[in-house]
Amino acid sequence: MARLMAFDFGTKRLGIAVTDPLQIIATALTTIHPKDIVTFLNDYLKTETIDAFVVGEPKQMDSSPSESARHVDAFINLLKKQFPLIPIERMDERFTSKMASQTIAQSGLKKSQREKKELIDTVSAVIILQSYMEKRSFGF
């Protein structure tokens, strides 16, 4: 089995999370600038195998696409073009940033560490990935 990789896309930062090879545990990997994603993935794929990419899909409360959806669509198209053999799954990302902030606030980290936006992005990616794995395990 290979890993799953999730992305919390932002125009300034891209939070990335991965599973272990058995796809049991989701962990934060890193945060990078979106322009660096192809180089990052090419390097990562030299040593690891990815079964699928999971991309957080921004939605409004009524389930319609949010304003940032067009940026996510462009990101997905880039992934499809550069890595055509890796399937891409979309996962609703509503509330992930808020959940990430709450998780970080309860973590016991110092205030200066809790306020790092990069941390929120990677924890959001972990939540997206964990939600995807839970959804898949229940057969949805």
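So here's what we get for this one:
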{"quantity": "Count of residues meeting criterion [surrounded by fewer than 18 Cβ atoms within 10 Å (Cβ to Cβ) and among the β-branched types (Val, Ile, Thr)] in region 33-53", "calculated": "4"}
{"quantity": "Qualifying residues in region 80-97 (those that are part of a helix (DSSP H, G or I) and at pLDDT below 95) - the one surrounded by the fewest Cβ atoms within 10 Å (Cβ to Cβ)", "calculated": "Ser97"}
{"quantity": "Any hit, region 6-29, residues being among the acidic types (Asp, Glu) and exposed (fewer than 12 other Cβ atoms within 10 Å of the Cβ)", "calculated": "no"}
{"quantity": "Single condition Asn77 does not satisfy, out of (1) polar (S, T, N, Q); (2) modelled with pLDDT of 90 or more; (3) surrounded by 16 or more Cβ atoms within 10 Å (Cβ to Cβ)", "calculated": "(3)"}
{"quantity": "Leu22 vs. criteria without any contact (Cβ under 8 Å) to a residue 40 or more places away in the chain and over 14 Å from Ile127 (Cβ atoms)", "calculated": "yes"}
{"quantity": "Subset tally (residues that are in a strand (DSSP E or B) and more than 21 Å from Asp51 (Cβ to Cβ)) for region 11-31", "calculated": "1"}
{"quantity": "Residues (modelled with pLDDT of 95 or more and either under 14 Å from the mean Cα position of the chain (by Cα) or not in a helix (DSSP H, G or I) (or both)) located in region 44-72", "calculated": "Leu45, Lys46, Thr47, Glu48, Thr49, Ile50, Asp51, Ala52, Phe53, Val54, Val55"}
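The rows are residues; the columns are (1) more than 18 Å from Val126 (Cβ to Cβ); (2) charged (D, E, K, R).
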site	(1), (2)
His33	yes, no
Lys46	yes, yes
Ile50	no, no
Gly56	no, no
Arg70	yes, yes
Pro84	yes, no
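The values are calculated or read from the model by the stated rules, or taken from the named source; none is laboratory data. No experiment lies behind these values; they were computed from the predicted model shown. Cβ atoms come from the backbone with ideal geometry, glycine included; neighbour counts cover every protein chain shown.
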